[in-house]
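Below you'll find the structure, written out as structure tokens, and then a few comments.
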Amino acid sequence: MKHTEKSALVVFSGGQDSATCLAWALDRFDRVETLGFDYGQRHAVELSCRTEVLQRLRPLFPQWDTKLGPDTLLSLDVFQQLGETALTHDVEISMTATGLPSTFVPGRNLIFLTLAAAQAYRRGIRHIVTGVCETDFSGYPDCRDDTMKALQVAVNLGMQARLVIDTPLMWRTKAETWALARSLGGQDLIELILEHTHTCYQGSRGARHDWGYGCGACPACELRAAGWEQYRENASGGQRA
Ligand code: ZN
């Protein structure tokens, strides 16, 4: 199949970062498809959020509706078979002896991106868009820029393809990610992300904070809350200037 230059496959989890990446791709490409993974994550609420975001995006942004193609959800229970992490099992979120948090799922992004490449190849899509970031992050080595560049080389060699892995958030802080969402979709997109994306490791949708839903205490909630606060501060500073 000939790869279409202006097409993208977004690795879409239903979280803040991947929702922003989805808008980024819809703003740039003529055809955008989405791919998600059910890997037995404790925060399975993410999976219902992704459907919700996709459904609500269409009427809010008619200019994107026509570009947005099919969504695929792949089942990957293999991670649960491999062993316990705090994202797939009921174990405490803590720092481990390796210096990585117990939420780290070894190989996760390596496998996600390889599967995304396989899907992009089959669908005739050239760009793979992922929300990985090494600016405000939990220290996962599979989110790093070098890992993504190495993966791009590996999948292209292994598939004899010219796929491009795009990482629009790699060098953005969480506050800058909010600002990017604002520039792409205005306040409507900000509200959609606040209300309907999910970030919390605990899968909590209980309390609505000004930055969205979550337990408010896990590392993912702390990052999201701090990013929102900084974004609001920057925004109000900008208005005074
Ligand atoms: Zn949380």
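The values are calculated or read from the model by the stated rules, or taken from the named source; none is laboratory data. On a predicted model such as this, the values are computed, not experimentally measured, just so you know. Note that each Cβ is placed from the backbone with ideal geometry, even for glycine, and that neighbours are counted across all protein chains shown. Ligands, DNA and RNA are stripped out before the accessible areas are found, and what is left, the full protein with its side chains, is counted by its heavy atoms. Shrake-Rupley method; radii C 1.70, N 1.55, O 1.52, S 1.80 Å.
Picking from Ala161, Ala154, which residue would you name as being farther than 24 Å from Thr98 by Cα and in a loop (DSSP other than H, G, I, E, B)?
Unique residue meeting the criteria: Ala161.
Out of curiosity, is Arg172 touching a strand residue (DSSP E or B) at 6+ places or on another chain (Cβ under 7 Å), open to solvent by 60 Å² or more (accessible area, probe 1.4 Å) and not aliphatic (A, V, I, L, M)?
The answer is no for Arg172.
Return the residues of region 111-133 that are closer than 14 Å to Leu73 by Cα and polar (S, T, N, Q); say none if nothing qualifies.
Within region 111-133, just Gln119 meets the criteria.
Within region 117-149, track down each residue that is of a type in the set (Phe, Trp, Tyr) and within 23 Å of Tyr201 (Cβ to Cβ).
Kept after step one, since they are of a type in the set (Phe, Trp, Tyr), are these residues of region 117-149: 121, 137, 140.
Selection gives Phe137, Tyr140.
Might you let me know whether region 98-112 holds any residue that is at pLDDT 95 or above, of a type in the set (Gly, Ala, Ser) and either more than 21 Å from His198 (Cα to Cα) or crowded, with 16+ Cβ neighbours inside 10 Å (or both)?
Within region 98-112, not a single residue is at pLDDT 95 or above, of a type in the set (Gly, Ala, Ser) and either more than 21 Å from His198 (Cα to Cα) or crowded, with 16+ Cβ neighbours inside 10 Å (or both).
Quick one: in region 133-165, which of the residues that are modelled with pLDDT of 95 or more and in contact with a Lys or Arg (Cβ under 9 Å, 6 or more places away or on another chain) is nearest to Asp17 (Cα to Cα)?
That would be Ile165.
Filter region 209-224 down to residues that are open to solvent by less than 40 Å² (accessible area, probe 1.4 Å) and more than 20 Å from Val53 (Cβ to Cβ) and give me whichever is nearest to the ligand (Cβ to nearest atom).
Top of the filtered list is Cys218.
Can you tell me which condition Arg232 does not meet? The list is (1) at pLDDT 90 or above; (2) within 16 Å of the ligand (Cβ to nearest atom); (3) among the charged types (D, E, K, R); (4) over 15 Å from the mean Cα position of the chain (by Cα), and all the others hold.
(2)
Return yes or no: is Arg182 of a type outside the set (Val, Ile, Thr) and within 15 Å of Gly227 (Cβ to Cβ)?
yes
If you go through region 179-203 one residue at a time, how many are more than 10 Å from the ligand (Cβ to nearest atom) and touching a residue at least 60 places away in the same chain (Cβ under 8 Å)?
Qualifying residue count, region 179-203: 10.
Scan region 60-97 residue by residue and report those that are open to solvent by less than 60 Å² (accessible area, probe 1.4 Å), within 20 Å of the chain's Cα centre (by Cα) and touching a residue at least 40 places away in the same chain (Cβ under 8 Å).
Phe61, Trp64, Lys67, Leu68, Thr72, Leu74, Phe79, Ala86, Leu87, Thr88
Which condition number does Gly206 fail, the rest of (1) part of a loop (DSSP other than H, G, I, E, B); (2) within 16 Å of the ligand (Cβ to nearest atom); (3) surrounded by 15 or more Cβ atoms within 10 Å (Cβ to Cβ) being met?
It is condition (3) that Gly206 fails.
Tell me, which residue of region 41-59 that is open to solvent by less than 20 Å² (accessible area, probe 1.4 Å) and assigned to a loop (DSSP other than H, G, I, E, B) is farthest from Gly203 (Cα to Cα)?
Result: Gln41.
Mind listing whichever residues of region 124-157 are under 14 Å from Glu33 (Cβ atoms) and surrounded by fewer than 19 Cβ atoms within 10 Å (Cβ to Cβ)? It would help to see each step written out before you state the result.
First, the residues of region 124-157 that are under 14 Å from Glu33 (Cβ atoms): 124-130.
Correct list: Gly124 only.
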